[in-house]
Amino acid sequence: MRISDLAAEAGVTVKAVRYYESQGLLRPRREANGYRTYEARDVVVVREVKALLSLGLTAEQTYPFIECLRAGNERADVCPASLMAYRTRIAEVDRRIAELTDLRARLTDLLTDAENRRTNYDRPADRG
């Protein structure tokens, strides 16, 4: 199949397919005229990459999943390297959650302090 057919079937743009190819995630054959040709299994690869990228994995982090598919597995996440990639991404998410939780606490403290100062600022001074 041609690149436009692959893109349409996988639900991505031709530009995305070219990007995946540039990252080594797809290995199309080249015809004598230079056109890329793709196989039906490439649709599965592109859909998998798209799904993994939507979870925040980088193109590089999708390699274990693609290699798992290329090894003949029906699912990309049944190989040990794929499971490790999930664990790595979860650890990254956990770190980010901790960072955001800390940031939220600091902002809440600053807001509370600012509101207290504002309340004190609005009170008329005792005139004695």
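Of all residues in the stretch 29-58, those satisfying the criterion of being within 15 Å of the chain's Cα centre (by Cα), in a helix (DSSP H, G or I) and either charged (D, E, K, R) or loosely packed, with under 15 Cβ neighbours inside 10 Å (or both) are Arg47, Glu48, Lys50, Ala51, Ser54.
Here is the figure for the stretch 8-18: residues that are over 19 Å from the mean Cα position of the chain (by Cα) and in contact (Cβ under 8 Å) with a residue 24 or more places away in the chain total 1. Count of the stretch 55-111 residues, restricted to those that are within 25 Å of Tyr19 (Cβ to Cβ) and of a type outside the set (A, V, I, L, M), is 21.
May I ask you to list the residues in the stretch 27-38 that are charged (D, E, K, R) and out of contact with any Lys or Arg (no Cβ under 8 Å at 6 or more places or on another chain)? Scanning the stretch 27-38 gives Arg27, Glu31. Among residues of the stretch 19-36 that are touching a residue at least 24 places away in the same chain (Cβ under 8 Å) and within 28 Å of Pro64 (Cα to Cα), those with a beta-carbon under 7 Å from a residue that is surrounded by 10 or more Cβ atoms within 10 Å (Cβ to Cβ) and β-branched (Val, Ile, Thr) at least six positions away or on a different chain give the pairs Tyr20/Val46; Tyr20/Val49; Leu25/Val45; Leu25/Val49; Leu25/Thr62; Leu25/Ile66; Pro28/Thr37; Arg36/Ile3. Restricting the stretch 71-123 to residues that are without any contact (Cβ under 8 Å) to a residue 12 or more places away in the chain and either in contact with a helix residue (DSSP H, G or I) (Cβ under 6 Å, 6 or more places away or on another chain) or aromatic (Phe, Trp, Tyr) (or both), the residue that is nearest to Leu52 (Cα to Cα) is Tyr86.
If I filter the stretch 109-116 for residues that are in contact with a Pro (Cβ under 6 Å, 6 or more places away or on another chain) and in a helix (DSSP H, G or I), do I get at least one hit? Don't jump to the end; show me each part of the working.
Restricting attention to the stretch 109-116, the residues satisfying the condition of being in contact with a Pro (Cβ under 6 Å, 6 or more places away or on another chain) are none.
No, the stretch 109-116 contains no residue that is in contact with a Pro (Cβ under 6 Å, 6 or more places away or on another chain) and in a helix (DSSP H, G or I).
I'd like the residue in the stretch 32-43 that is hydrophobic (A, V, I, L, M, F, W, C) and at pLDDT below 95 and, out of all such residues, is nearest to Thr62 (Cα to Cα). Steps first, answer last, please.
As a first pass, look at the stretch 32-43 and keep what is hydrophobic (A, V, I, L, M, F, W, C): 32, 40, 43.
Next, only the ones that are at pLDDT below 95 stay: 32, 40.
Values: Ala32: 30, Ala40: 19 Å.
Ranking the candidates gives Ala40 first.
Annotation: Leu26 fulfils all but one of (1) in a helix (DSSP H, G or I); (2) surrounded by 15 or more Cβ atoms within 10 Å (Cβ to Cβ); the unmet one is (1).
The values are calculated or read from the model by the stated rules, or taken from the named source; none is laboratory data. Since the structure is predicted, the reported quantities are computational estimates derived from the model, not experimental observations. Heads up, the Cβs are rebuilt from the backbone with ideal geometry, glycines too, and the neighbour counts pull from every protein chain shown.
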